[in-house]
Amino acid sequence: MLPKAYEPQEVEKKLAEKWQNAKLFAAKADPTKKPFVIVIPPPNITGALHMGHAFTNTLQDVLIRAHRMYGEDSYWVPGTDHGGIATQNVIEKKLAKEQHKTRHDLGREKFLEVVWEWYHECGNAIFDQFRKMGWALDLSDIRFTMDEKRARAVFECFKQWWEKKYIYRGKRLINWCVRCSTALSDIEVEHLPENGKLWHLRYKGEDGSEGIVIATTRPETIYADAAIAVNPKDERYKNMVGKKVIIPLANRAIPIIADEAVELEFGTGALKITPAHDATDYEVGKRHNLPIMTVINDKGKMINCPEKYNGMDRDVCRKETVKDLDAAGLLVKEEKYNHAVSKCYRCGSAIEPFMSEQWFVKMDELVKPVIKAAETEALKFHPDSWKKPFLNWMTNIQDWCISRQIWWGHRIPVWYCRHCSEKGLTFATDQQGKEQLTKVSFEDGAKPIVSFEKPAQCPHCHGTDLVQDPDVLDTWFSSALWPMSVFGWPEKTPEMAHFYPTSVMVTGYEILYLWVARMVLTGLDFTGKLPFKDVYLNGIVRDKSGQKMSKSKGNVIDPLDMTAKYGTDAVRFSLLMQAVPSKDIPYSEDSITGARNFCNKIYNASRFILMNMEGIKGPLAMPKQAKELADQWILDRYATAIKTAREGIEKYNLALTANTLYHFLWGDFCDWYIELAKQRFQTQEKQYVMALCVNILYNTLKALHPLIPFITEEIAASLRPFVDEKEQFLLNQKYPEFEESLLNEQAVKQMEIVQGVTKEIRTIRSQFNVPPGLKIKVILSADNENELSVVRAQAGYIKLMGKIEDLQIGVNQQKPKQTATATFGKMAIYIPLTGLIDFEKEKKRLEKDIAAAQANIASRQARLSQENFIKHAPQAQIDKTKAELVAAQTLLAQAQAALADLA
RNA sequence: GGGCAGUUGGCGCAGUGGUAGCGCGUCCGCCUCACACGCGGAAGGUCACAGGUUCAAAUCCUGUACUGCCCACCA
């Protein structure tokens, strides 16, 4: 005998291995079939996968599995991402913790070795999770954004864009993360609110006058001030423009200028201009030809400032400066001020706007076809509310800073001849005593040689002393090429020809700009084709109260803990039940138990059917004819469920698919059909009923397989001897088709009567505490035989489901004494309950019925008396309203009669 | 400052132009020979607010409020 509760752990382990060994998920590249392709958003190799991965990848898995079962050549391309700064940070932390070392203690080469080791370790852990989650990824065929082929793709892109002059070097104010010691692109900067302060500082006039008061949040940058700006329309300062004031503590004179950028209402209306440390100021400085002075270096330390502060940390300098200003009587006011501060998206430390020469990609040309694709909806967003933000971002795009001053990543494929580029190259000796190129300046004469490998010699002087650019590329640079590079682009591979473009990109909306936009851009630029036509944006998995999950908050739910506890299917299904496009989902262990219970329900229903299969020889074909109402009804429900389940998949609304199948299997099949079928198990119809049961169950398992692959595969294997199926794996079987011929509106209506009457009877049983085992007598009465035709025909169902011993059906039946009364449609339901009737309860019940009926009658009558309703509403609506009125009137009359009887 | 979502029973969410559903929770009764991870039943909502369109609006439009997110050079 099978255990009573489903135990997923063993089953899942066994099946996960079986699928991989059978190469079930491998690329087929079958030219006779329509390809359906998804490239996985490659997870960063920064550690274990989290709930967000579990969610987005499960969505993809469902699509991939469903389309495979639709008969398409579906292929889900697996891989991981090297994750640039994020990964480097993880390794640095690990080094510090385990060995108390920095990356500089190891040196670049050794550090990279350590990261590569980590990749193999972490990568394997990730692939293990892929397998455990049941994702249809071929684990023998994994890509990595830094492997040889992907590196080739990166180089090809760099080279072509260099030749087209899209890639260029530029010196400008960039976002610098002091902690990560690298430049960042604009979208890698987050603007987070912070409780800061606004300091009002006095800059005295050069002529000894009182000068001007400015407001700033960054007093430590006053040493780099190049001017004070006021709005040209500002009457307060009109006569001061052109005069000079003295920077406090620095004793340097700077001019007062007029610029539109200054807001009249903010602060004092006077703005200090610090071109080297603020983006707005940089622009103002450019307009007025102001000198650029840098007082904070790449480590966040003060430089070029009064001796006292030199070498100080910028935060310390801020405090000291404020203190000294106060002492000098130049601090006019200090007020609390909440404002947005730029933070590094990887480490959270404050971004320093920093003058630096970096590599950029010019965006204006590249972006044009992307905008067109989104506008014409050749590129379609799901939900389409993302179209507008996407276009908005694309139209206002800035050039992309692609160089990062870190070690882990694709090294910029540019070389310099030490002879020819001499003046543009700065070297330093690292802690291992090796000479390293630390800084490249094109302004000072560095001459680039673009090459994948180290060139044998300099093309100009034929010298052989060549060094590679020290920077690496933004991690999103290689990600941008992912939908092409996974197929071996730029090589003309068969995979590229067959699988590209892919079908849909499924990913979180938080990386729409960071990633999706750039894939579209590269795809269109290099292939002229969109890398995918559909973008399905999923939401974020949050905690129970809607908070983002984070380690620091301690509200993280680890998917592997949950799968170990409840089974992978339960975790998957709980996510899918809530998978409405773009919607964040609140998640807690509670949401998994519901899904786990469903899995158990499937298991037990299957177990029950299998138990009753004893002595029956398969295979049993799906019966073509319904023998009775329940059969017609369940076939209709089944067909409808399949139709809706497929619709959900097509519309990327997997919550619809999950909920539909859940309610069909549990609510319709188990609660009603199996219960009704039980009585036929002992009859000659057993073979027929079992054929219907086993086929409907089996097909429902198929329909559920993309969502919960393990339990469905496991059960289907036991059922297979009884159905007409040769294929071992569900994935290779056909997804159930919607069969319109199974729809039976009349059967559904009749069944609704059976269910409705049964429910009324059950309610009364429950209300008057009729012992569950006690069979009762029920009388069904109406004023004409026609109203009773269905219950007469289906009396057996009602007797069974209502636990009725004696069911009398007839026109205008006499109501016995001591009887509970209910109404369904135009039928009166009398249940004689001598000794069990509680008069107060019955009275209350009837009064409630009466009140409801009166309200219904009033609203229906009101509507039907409106001339416009009769004139404009469709006839069906009018008929429906009339029918509802009659039903309400019947209910009222019967309830009132019953109440009168009671008294 | 601009944009986008959301606002539905205690909680979390679905939902279609014809006066509302699901899961969890609550309450009552049941270990009914598949399942107590279960079965049966009940209570509980004027679908944020104000206008408008319509015979009819929770569902469409406009505005307001609140919440969340994204974008943006008010220091």
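Just so you know, all these numbers are worked out from the coordinates, no wet-lab data involved. What you are looking at is a predicted structure, and each value in this text was computed from that prediction instead of being measured. Here the Cβ is made from the backbone with ideal geometry for all residues, glycine too, and neighbour counts use every protein chain on show.
Projecting the Cα atoms of A:Ala350, A:Val77, A:Tyr166 onto the charge dipole of chain A (Cβ charges, centred on the Cα centre) puts A:Val77 farthest toward the positive pole. Quick one: of A:Lys23/A:Lys132; A:Lys759/A:Lys817; A:Lys843/A:Lys882, which pairs are farther than 26 Å apart, Cα to Cα? Pairs exceeding 26 Å: A:Lys843/A:Lys882. Modelled label positions at A:Asp590 and A:Leu264, each set 7 Å beyond Cα in the direction of Cβ, lie 5.5 nm from each other.
Between the listed residues A:Ala564, A:Phe526, A:Asn538, the Cα displaced farthest toward the positive end of the dipole of segment A:526-576, a dipole computed from Cβ unit charges relative to the Cα centre, is found at A:Phe526. For chain A, the Kirkwood estimate of hydrodynamic radius, built from reciprocal distances between every pair of different alpha carbons, is 33.4 Å. The relative contact order of chain A, computed from alpha carbon pairs under 8 Å that lie at least 6 residues apart in sequence, is 11 percent. Taking the three principal axes of the alpha carbon atoms in segment A:1-144, the coordinate ranges are 57, 46, 25 Å, sorted in descending order. Amide H neighbours of A:Val245 under 5 Å, counting only residues 5+ apart in sequence or on other chains, H built in-plane at 1.01 Å? The answer is A:Glu206, A:Ile254, A:Ile256.
Over the residues of chain A, the helix contribution to mean residue ellipticity at 222 nm works out to -13000 deg cm²/dmol, using -39500 (n - 2.57) for each DSSP H run of at least 4. Lys and Arg at +1, Asp and Glu at -1: add these up for the other residues within a Cβ distance under 12 Å of A:Leu833 and post the number. Neighbourhood net charge equals +2.
When only DSSP loop residues count, what GluC sites (Glu not before Pro) in segment A:610-680 have their Cβ near at most 15 other Cβ atoms within 10 Å? Within segment A:610-680, the qualifying GluC sites (Glu not before Pro) (loop, at most 15 other Cβ atoms within 10 Å) are A:Glu614.
Dipole magnitude for segment A:703-767: computed about the Cα centre from +1 point charges on Lys and Arg Cβ and -1 point charges on Asp and Glu Cβ, it is near 420 debye.
Once the Cα atoms are used to define both axes, helix A:686-704 deviates from the longest principal axis of chain A by about 10 degrees. Placing +1 on the Cβ of every Lys and Arg and -1 on the Cβ of every Asp and Glu, with nothing else charged, gives segment A:614-683 a dipole about its Cα centre of roughly 220 debye. When peptides A:751-757, A:833-839 are ranked by their average number of other Cβ atoms within 10 Å per residue, the highest-first order is A:751-757, A:833-839. Under a 5 Å amide H cut-off, with hydrogens placed 1.01 Å from N, A:Lys333 pairs with A:His200 among residues at least 5 apart or on other chains. Report note on the peptides A:312-321, A:23-32, A:172-181: ranked by the mean count of other C-beta atoms within 10 Å, highest first, their order is A:172-181, A:312-321, A:23-32. Against the main long axis of the alpha-carbon atoms of chain A, helix A:839-865 sits at an angle near 70°. When A:Trp666, A:Trp118 are sorted by how many other C-beta atoms sit within 10 angstrom of their C-beta, beginning with the fewest, the order is A:Trp666, A:Trp118. In straight-distance terms, cross-link reach from A:Lys323 covers every one of the lysines whose alpha-carbon lies under 16 Å from its own, apart from those fewer than eight places away in the same chain; here that gives A:Lys197, A:Lys308, A:Lys333.
Non-local amide H neighbours of A:Phe36 (under 5 Å, H modeled in plane, Pro and chain starts lacking H): which ones? For A:Phe36, whose amide H was placed from the backbone, the distant partners under 5 Å are A:Asp73, A:Ser74, A:Tyr75.
With coordinates expressed along the principal axes, the C-alpha atoms belonging to segment A:353-449 extend over 56, 26, 25 Å, beginning with the largest.
Under Stokes-Einstein, with the Kirkwood radius over Cα pairs as Rh, the value for segment A:707-802 at 20 °C and 1.002 mPa s is 122 µm²/s. Separation of segment A:185-254 from segment A:297-312 is 19 Å, based on Cα centroids. For A:Lys33 and A:Trp666, the FRET efficiency from 1/(1 + (r/R0)^6), where r spans their Cβ atoms and R0 equals 30 Å, is about 0.30. Contact order, relative form, for segment A:543-634: 24 percent (alpha carbon pairs under 8 Å, 6 or more residues apart, mean separation divided by residue count).
Applied to segment A:808-824, the Karplus parametrisation 6.51 cos²θ - 1.76 cosθ + 1.60 on θ = phi - 60° returns per-residue 3J(HN,Hα) values of 9, 10, x, 6, 6, 5, 6, 8, x, 6, 6, 10, 8, 10, 9, 10, 9 Hz, with x for Gly and Pro.
Placing a label point 7 Å from the Cα of A:Asn195 along the Cα-to-Cβ direction, the residues of segment A:317-346 whose backbone N falls under 20 Å of that point are A:319, A:334-343. If only the Cβ of Lys and Arg carry +1 and only the Cβ of Asp and Glu carry -1, the dipole of chain A around its Cα centre is close to 1000 debye. Here the contact order of segment A:258-323, divided by its residue count and restricted to Cα pairs under 8 Å and six or more residues apart, works out to 17 percent.
Over all Cα atoms in segment A:198-347, the spread is summed up by Rg and Dmax: 14.7, 48 Å.
Pick out, from A:Gly409, A:Gly123, A:Asn21, the residue whose Cα sits farthest towards the positive end of the charge dipole of chain A, with +1 on the Cβ of Lys and Arg and -1 on the Cβ of Asp and Glu. Among A:Gly409, A:Gly123, A:Asn21, the one farthest towards the positive end of the dipole of chain A is A:Asn21. Among residues other than A:Trp19 with Cβ under 13 Å from its Cβ, the summed charge is +2 (Lys and Arg +1, Asp and Glu -1). For segment A:246-312, the share of alpha carbon pairs falling in successive 10 Å distance bins from zero is 18, 46, 31, 5 percent. Counting only lysines at least 8 places from A:Lys286 when in the same chain, those with an alpha carbon closer than 23 Å to its own are A:Lys171, A:Lys233, A:Lys238, A:Lys243, A:Lys244, A:Lys272, A:Lys362. Taken over segment A:376-501, lysine pairs spaced eight or more positions apart, or on distinct chains, with alpha carbons under 14 Å apart number 4.
Each other residue within a Cβ distance under 9 Å of A:Arg404 adds +1 if Lys or Arg and -1 if Asp or Glu, for a net charge of -2. Once the Cα atoms are used to define both axes, helix A:279-288 deviates from the longest principal axis of chain A by about 40 degrees.
Global dimensions of segment A:327-390 from alpha-carbon coordinates: Rg and Dmax equal 21.3, 64 Å. With 29 Å as the limit on Cα-Cα distance, the pairs of A:Lys18/A:Lys702; A:Lys749/A:Lys775; A:Lys372/A:Lys551 that go past it are A:Lys372/A:Lys551.
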